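To start, the structure itself, in structure tokens.
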Amino acid sequence: MSNDLRSFHQHLISSRKVLAILGAGLSASSGLSTFRGAGGLWKKYDAVDLATPEAFELDPSLVWQFYSARRKAALAAVPHRGHKALAKFSERWGNRFLTLTQNVDGLSERACHPRDGIVHLHGDLFTLKCTNFNCRYKESGNFREPLTPALANASMDDNVGVERIPESQLPHCPQCNTLLRPGVVWFGESLPYDAIFRADEYISAGDVDLVLVVGTSATVWPAAGYIEEVAQRGGKVAVFNIDESTKWPDGWFFQGDSAEWLPKALE
Ligand code: BV8
């Protein structure tokens, strides 16, 4: 693995197509918790345990407070120079660059990343979906805070306790009055078909000479599988991570804050 920017830039400018796979570490410098490691806990709960249909079924009050706290934190966060460097790179490269983000915080959009250049593999915090299978109500771009008065105290702060909120005071569907859920992909749920199609189509068309792996532990599938797919087709891998254990056997490893490395690598 190399962290030589010159050889990286030579490969970058000669690449026919580039892919980026973004994870929670990209937003860490905007103050948002990651999923694993130190950031992986919300109060005494493991984020992975809360990001499941079973957790929501069992305790929608707890899960809605988890997501409301994250909505609030994401709305208060500011995109950093790394988010902006990716957005500008996407503007310059057009359809020769595709961003696959695992992040649900909306910071890439707020950094003005071109909408047709980014795919949300795991949905986003500001989309709401009805839990009534027959209703199919779905609302995007809902930045209302709090979603209901009962959720006003939801917080990432460990010192703020979890309340027992009656289901009637959680968000409900305006069409059929059934409980709404966050429009994210939970563990055990399939990724959105259009996201999978877009990613597969871009990679299987060939010519992806470089994949940028930014701030992700690459432990969540099928997102992590796209890295392998590009490498198996001959593409080079450039990892941007603070953790050396995420190194890839071949390519580049830029150890440190992606907010610092991305502007140097892409501008
Ligand atoms: C599915 C939304 C099947 C919710 C999330 C093999 C194949 C297929 C599936 C599986 C498989 N093996 C296991 C599975 C099941 C599962 C899975 O992958 N489990 C893992 C835990 C092993 N996958 C699924 O369930 C997926 N669904 O496969 O469905 C199916 C098919 C048909 C029909 C039905 C079902 C769905 C997975 C999606 C889950 N939802 N998010 C929410 O946000 O609440 S995933 C969640 O983890 C986030 O999206 C997050 O982004 C993502 C990945 O984590 P990371 O982003 O990598 O974050 P993490 O904290 O792990 O790491 C942060 C990194 O940043 C670290 O490396 C750190 O060092 C670094 N870092 C920190 N600071 C910085 C930094 N780097 C740079 N700069 C910094 N400053």
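Using the Cα centre of the range 107-261 as the reference point, and only Cβ charges (+1 on K/R, -1 on D/E), how large is the resulting charge dipole? Debye, rounded to the nearest 20. If you can, show how the numbers build up before the last one.
Details: 12 positive and 22 negative charges, 120 e Å.
My answer is approximately 580 debye.
Quick check: convex hull over the Cα atoms of the range 1-148, volume per residue in Å³, rounded to an integer?
Dividing the Cα hull volume of the range 1-148 by its residues yields 145 Å³.
If the cut-off is 18 Å between C-alpha atoms, which lysines fall inside it for Lys138, apart from same-chain ones fewer than 8 positions away?
Cross-link targets: Lys129.
Across 5 Å bins from the origin, how do the percents of Cα pairs in the range 121-267 run, short distances first?
Percent of pairs per bin, in order: 2, 8, 12, 14, 14, 14, 12, 10, 9, 5, 1.
Taking R0 as 22 Å, what's the FRET efficiency between Thr52 and Ser140 from their Cβ-Cβ distance, rounded to 0.05? List each step's numbers first, then the result.
Values: r = 22 Å, r/R0 = 1.01.
For R0 = 22 Å, the calculated efficiency reads 0.50.
Kindly provide log₁₀ I(q)/I(0) values, in the same order as q = 0.12, 0.13, 0.17 Å⁻¹, from the Debye equation applied to equal alpha-carbon scatterers of the range 1-73.
Relative scattering, expressed as log10 I(q)/I(0), comes to -0.53, -0.58, -0.74.
When only C-alpha pairs under 8 Å and at least 6 residues apart count, what is the relative contact order of the range 111-267, in percent? Kindly include the intermediate steps, with their values, before the conclusion.
On the way: 191 pairs, mean separation 28.8, N = 157.
Relative contact order here is 18 percent.
What area, in nm² and to one decimal, does the C-alpha convex hull of the range 184-267 cast on average over all directions? Working shown, then result.
Values: hull surface 25.4 nm².
Projected over every direction and averaged, the Cα hull of the range 184-267 covers 6.3 nm².
Putting +1 on Lys and Arg Cβ atoms and -1 on Asp and Glu Cβ atoms, find which of Val208, Ala195, Gly183 reaches farthest to the positive end of the dipole of the range 181-221.
It is Gly183.
Would you please state the base-10 log of I(q)/I(0) at q = 0.07, 0.11, 0.15 1/Å for the chain, with intensities from the Debye formula using one equal scatterer on every alpha carbon?
-0.25, -0.61, -1.08
Please report the net charge: other residues with Cβ closer than 12 Å to the Cβ of Val160, K and R +1, D and E -1. Walk me through the numbers before you get to the answer.
Working: positive: Lys43, Lys72; negative: Asp157, Asp158, Glu163.
Result for the local shell: -1.
What area, in nm² and to one decimal, does the C-alpha convex hull of the range 68-203 cast on average over all directions?
Working: hull surface 38.9 nm².
So the Cα hull casts an average projection of 9.7 nm².
Can you check what the Kirkwood hydrodynamic radius comes to for the range 128-194, Cα pairs only, in Å to one decimal? The partial results should precede the final answer.
Working: mean 1/r = 0.0732 Å⁻¹.
Hydrodynamic radius (Kirkwood, Cα pairs) of the range 128-194 is 13.7 Å.
So how tilted is helix 81-93 from the main axis of the chain? Cα-based, degrees 0 to 90, rounded to 10.
60 degrees
Could you work out the local net charge near Gly234, counting Lys and Arg as +1, Asp and Glu as -1, over the other residues with Cβ closer than 10 Å to its Cβ? Mind dumping the intermediate values first?
On the way: positive: Arg233, Lys236; negative: Asp207, Asp209.
Summing Lys and Arg as +1 and Asp and Glu as -1 gives 0.
Laboratory data are not the source of any read-out in this text; all were calculated from the coordinates shown. Since this is a predicted model, take the numbers as computed values, not measurements. Cβ coordinates were reconstructed from backbone atoms using ideal geometry, including for glycine residues, and neighbour counts include every protein chain displayed.
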